[in-house]
């Protein structure tokens, strides 16, 4: 390890600034995305199918912009990319309450709003570049991921408060302000230094692993689209209860993600991630048989643990697998999750209209199980060597010091 890298570990400012930026980004994201489905249905007058199409266009915009910026980051790491997409997204949400035309909503989803999808992977790529790739740098991934979970623990409730006082316009405007604060916080993060040039395809693209992540997040996002409608229309709960459920899930995520930070490096990351798939299957199974809010709250515990495991350990797994292509690795994982949103949008709209809420949620559980099977097969080959190298990384870091 170089002296410069060691100094970065000793200085807490970069980590704290990144933590704050991710926290603010997550708060704004959770404020709007907890209620974006209801906004589309109640304000814009969209049908379930149109909402699904809208969500899918969000995903296309996010995937395209994330892929482009991920390549740029590997060639020339910079803070400019993440600051730019957050500022553009903030402007988009300032305008959103004044838009109800479906084609215009689709255009915004593909551009200014979809651009925000690149902010998350860019922040984690920036973290890897600034904090380094040693043991401390690897432990930072779940700790930083806990900031996102923490944001989702309070963001939906904050959104519910704003929604109850000022309606959807003030909800969008407030989120835009928090997005702006996140962009300004990134300015505190030191500029990343030069990096070792990554090859165009280090180790090749892990197709099955990428497919498994896509299936996991397809199940998660599809359930996220169906759940608000299921809660309010099938179980006749108040819209604010949706925020409660998302907040419970996020609170569990925080605890589970922090727990991942102390898991010994020698422990099989493969087994941990497979457990995450299993938890999401359990969540959908329990949700399907729920008849009241209490059962739904209990099911969110399983959802929170599953998302924390795959979301945090998965990023680190991909970064280790494709090192040193940090931007490509983080973007590949993030785009796999966004692809889940792309697939889930239209499919959920069609499923809800034709087979109902419970069957849609059951199909989400099946998708999560298929994702677990794909991960089992995809991680049984060359990634075993990656796990062994990761387990030995702390010892090499200590020797370098």
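The values are calculated or read from the model by the stated rules, or taken from the named source; none is laboratory data. Just so it is clear, the model here is predicted, and its values are computed rather than measured. So basically every Cβ, Gly included, is an ideal-geometry build from the backbone, and we count neighbours across all protein chains shown.
Of the candidates 89, 159, the single residue that is touching a helix residue (DSSP H, G or I) at 6+ places or on another chain (Cβ under 7 Å), within 13 Å of residue 25 (Cα to Cα) and surrounded by 24 or more Cβ atoms within 10 Å (Cβ to Cβ) is 89.
Applying a threshold of 7 Å to beta carbon distances and a minimum spacing of six or more residues, or different chains, the list of pairs starting in the stretch 274-302 at a residue that is under 19 Å from residue 360 (Cβ atoms) and ending at one that is not in a helix (DSSP H, G or I) reads 296/290; 299/290.
Among the numbered conditions (1) closer than 20 Å to residue 316 by Cβ; (2) over 21 Å from the mean Cα position of the chain (by Cα); (3) modelled with pLDDT of 80 or more, the only one that residue 381 does not meet is (3). Of all the numbered requirements in (1) crowded, with 18+ Cβ neighbours inside 10 Å; (2) closer than 16 Å to residue 55 by Cβ; (3) at pLDDT 80 or above, residue 342 misses one, and that requirement is (3). Right, residue 240: in contact (Cβ under 8 Å) with a residue 60 or more places away in the chain and out of contact with any strand residue (DSSP E or B) (no Cβ under 6 Å at 6 or more places or on another chain) or not? In short, yes.
Residues that are at pLDDT below 85 and surrounded by fewer than 19 Cβ atoms within 10 Å (Cβ to Cβ) do not occur anywhere in the stretch 296-309.
Would the stretch 200-207 turn up any residue that is within 28 Å of residue 125 (Cα to Cα), under 21 Å from the mean Cα position of the chain (by Cα), at pLDDT 90 or above and outside any helix (DSSP H, G or I)? Looking for residues that are within 28 Å of residue 125 (Cα to Cα), under 21 Å from the mean Cα position of the chain (by Cα), at pLDDT 90 or above and outside any helix (DSSP H, G or I), one finds at least one in the stretch 200-207, hence yes. Output yes when any residue across the stretch 324-335 is part of a loop (DSSP other than H, G, I, E, B), surrounded by 24 or more Cβ atoms within 10 Å (Cβ to Cβ) and in contact (Cβ under 8 Å) with a residue 24 or more places away in the chain, and no when none is. Within the stretch 324-335, one or more residues are part of a loop (DSSP other than H, G, I, E, B), surrounded by 24 or more Cβ atoms within 10 Å (Cβ to Cβ) and in contact (Cβ under 8 Å) with a residue 24 or more places away in the chain. Checking the stated criteria, residue 55 turns out to be more than 13 Å from residue 334 (Cβ to Cβ) and either out of contact with any strand residue (DSSP E or B) (no Cβ under 9 Å at 6 or more places or on another chain) or assigned to a helix (DSSP H, G or I) (or both). Residue 101 meets all of the listed conditions (1) surrounded by fewer than 19 Cβ atoms within 10 Å (Cβ to Cβ); (2) on the phi > 0 side of the Ramachandran plot but one, namely (2). Determine whether residue 360 is part of a helix (DSSP H, G or I), out of contact with any strand residue (DSSP E or B) (no Cβ under 9 Å at 6 or more places or on another chain), at pLDDT 90 or above and under 21 Å from residue 46 (Cβ atoms). Considered against the rule, which asks whether it is part of a helix (DSSP H, G or I), out of contact with any strand residue (DSSP E or B) (no Cβ under 9 Å at 6 or more places or on another chain), at pLDDT 90 or above and under 21 Å from residue 46 (Cβ atoms), residue 360 comes out as yes.
From the list 140, 100, which residue is assigned to a loop (DSSP other than H, G, I, E, B) and farther than 15 Å from residue 29 by Cβ?
100
Take residue 158 and tell me if it is at pLDDT 90 or above, under 21 Å from the mean Cα position of the chain (by Cα) and over 25 Å from residue 342 (Cβ atoms). It is true that residue 158 is at pLDDT 90 or above, under 21 Å from the mean Cα position of the chain (by Cα) and over 25 Å from residue 342 (Cβ atoms). Just one of the listed residues (51, 83) is in contact with a helix residue (DSSP H, G or I) (Cβ under 8 Å, 6 or more places away or on another chain) and within 18 Å of residue 122 (Cα to Cα), namely 83. Sort out which residues of the stretch 34-55 are farther than 16 Å from residue 95 by Cα and buried (at least 21 other Cβ atoms within 10 Å of the Cβ), and write them in order of number. If the condition is that a residue be farther than 16 Å from residue 95 by Cα and buried (at least 21 other Cβ atoms within 10 Å of the Cβ), then 34, 35, 37, 51, 52, 54, 55 are the ones that fit.
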